[in-house]
Amino acid sequence: MNNPHHLNPTSLKSRFTTRFLRALTKIRAQKPISSSSPTEIFRRYRRIKVAADKSMAYSVRSRRIWSRAMLWKLRGRSYRRQDPCSGRRSGKTNQAIMKKSSNENTTTRREDRVGFVEEADELRQLVPGGETMNLCNLLDETAHYIKCLTTQ
């Protein structure tokens, strides 16, 4: 009865897979790579990444703040031509967010609060649309965003 090869057409995975495969088919049909230069490889990588992000955001629809922010960003990108390198993030990594103080016993409550605010601000930069959210909504949207990234 529960066949693992058939996905529920209304599930997040099914919607994402359908949209992403359709986007990959369009990318493949556009123009084959004429050379294996690093520039061409990077352009193809960016097209695939944008297709994955767009598929994920459209799969969630506009129910979530992060998906609306991502769709807004992607729509804005299509209106203007950018240098492919300009969309890179700053040098901060996810490990920097997860990093905790090695001397927790010596820190005061004020330092903990300041550290937490800084970590929340870094999280706001990672989650699309997070800049405008309060902490409760930010954590909720982050959990959902991570779920969708794992689906991807």
Between a residue in the range 34-60 that is closer than 20 Å to Arg75 by Cβ and any residue that is open to solvent by 60 Å² or more (accessible area, probe 1.4 Å) and of a type in the set (D, E, K, R), which pairs come within a Cβ distance under 7 Å, given they are 6 or more apart or on different chains?
Ser55/Arg19; Tyr58/Arg19; Ser59/Arg19
Scan of the range 13-48 for residues that are within 22 Å of Cys148 (Cβ to Cβ), of a type in the set (D, E, K, R) and either open to solvent by 60 Å² or more (accessible area, probe 1.4 Å) or not in a helix (DSSP H, G or I) (or both), ordered by number:
Lys13, Arg19, Arg22, Lys26, Arg47
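Answer with yes or no whether Arg113 is under 15 Å from Trp66 (Cβ atoms), assigned to a helix (DSSP H, G or I) and at pLDDT 60 or above. Talk me through it step by step, then tell me what you get.
On the way: under 15 Å from Trp66 (Cβ atoms): no; assigned to a helix (DSSP H, G or I): yes; at pLDDT 60 or above: yes.
Taking the combined requirement at face value, the residue does not satisfy it.
Could you please let me know if Arg80 is open to solvent by 100 Å² or more (accessible area, probe 1.4 Å) and at pLDDT 50 or above? Quick ask: steps written out before the conclusion?
Numbers: open to solvent by 100 Å² or more (accessible area, probe 1.4 Å): yes; at pLDDT 50 or above: no.
In short, no.
The values are calculated or read from the model by the stated rules, or taken from the named source; none is laboratory data. Since the model is a prediction, treat every value here as computed from it, not as a measurement. Counting neighbours? That spans all protein chains shown, and the Cβs are built from the backbone with ideal geometry, glycine included. Ligands, DNA and RNA are stripped out before the accessible areas are found, and what is left, the full protein with its side chains, is counted by its heavy atoms. Shrake-Rupley method; radii C 1.70, N 1.55, O 1.52, S 1.80 Å.
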